[in-house]
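Participant: This is the structure, below, for whatever I ask next.
The values are calculated or read from the model by the stated rules, or taken from the named source; none is laboratory data. Quick caveat: nothing in here was measured; it's all calculated off a predicted structure. Virtual Cβ from ideal backbone geometry, glycine too; neighbours counted across all protein chains shown.
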């Protein structure tokens, strides 16, 4: 599941061409398939910088390769946290229903 943060840096959001006032915050907004996890490379870093979507290269980081992105509409409001986290049974059931319908 993809969860949008409650807080964001509005200036950075504008730099990548988005309107921060129109973004959904503090909710599950989509889901993807995690197809691979591999070491993060300098080439990955260069590509992200070119697309204005990431920071620099650091050792011991990993890239998550995702496929089949799907947007959830309407988004499911839920509190998030940094890193991977669990969700309540209620949110889990709502997400499971949505995934089955895609």
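Participant: Answer yes if at least one residue in region 52-61 is under 24 Å from residue 10 (Cβ atoms), in contact (Cβ under 8 Å) with a residue 12 or more places away in the chain and surrounded by 11 or more Cβ atoms within 10 Å (Cβ to Cβ), and no otherwise.
Facilitator: no
Participant: Go through region 28-47 and give me each residue that's touching a residue at least 24 places away in the same chain (Cβ under 8 Å) and either surrounded by 13 or more Cβ atoms within 10 Å (Cβ to Cβ) or assigned to a helix (DSSP H, G or I) (or both).
Facilitator: 28, 29, 30, 31, 32
Per-residue answers, yes or no, for (1) touching a helix residue (DSSP H, G or I) at 6+ places or on another chain (Cβ under 7 Å); (2) under 29 Å from residue 76 (Cα atoms); (3) at pLDDT 85 or above:
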| position | (1), (2), (3) |
| --- | --- |
| 11 | no, yes, yes |
| 49 | no, no, no |
| 52 | yes, yes, no |
| 62 | no, yes, yes |
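Participant: Out of all the residues in region 11-27, which are assigned to a loop (DSSP other than H, G, I, E, B) and at negative phi?
Facilitator: Matches in region 11-27: 16, 18, 19, 23, 24, 25.
Participant: Can you tell me how many residues in region 86-102 are in contact with a strand residue (DSSP E or B) (Cβ under 9 Å, 6 or more places away or on another chain) and loosely packed, with under 11 Cβ neighbours inside 10 Å?
Facilitator: Of the residues in that region, 1 qualify.
Participant: Assess whether residue 70 counts as being within 17 Å of residue 3 (Cβ to Cβ), in contact with a strand residue (DSSP E or B) (Cβ under 6 Å, 6 or more places away or on another chain) and part of a loop (DSSP other than H, G, I, E, B).
Facilitator: no
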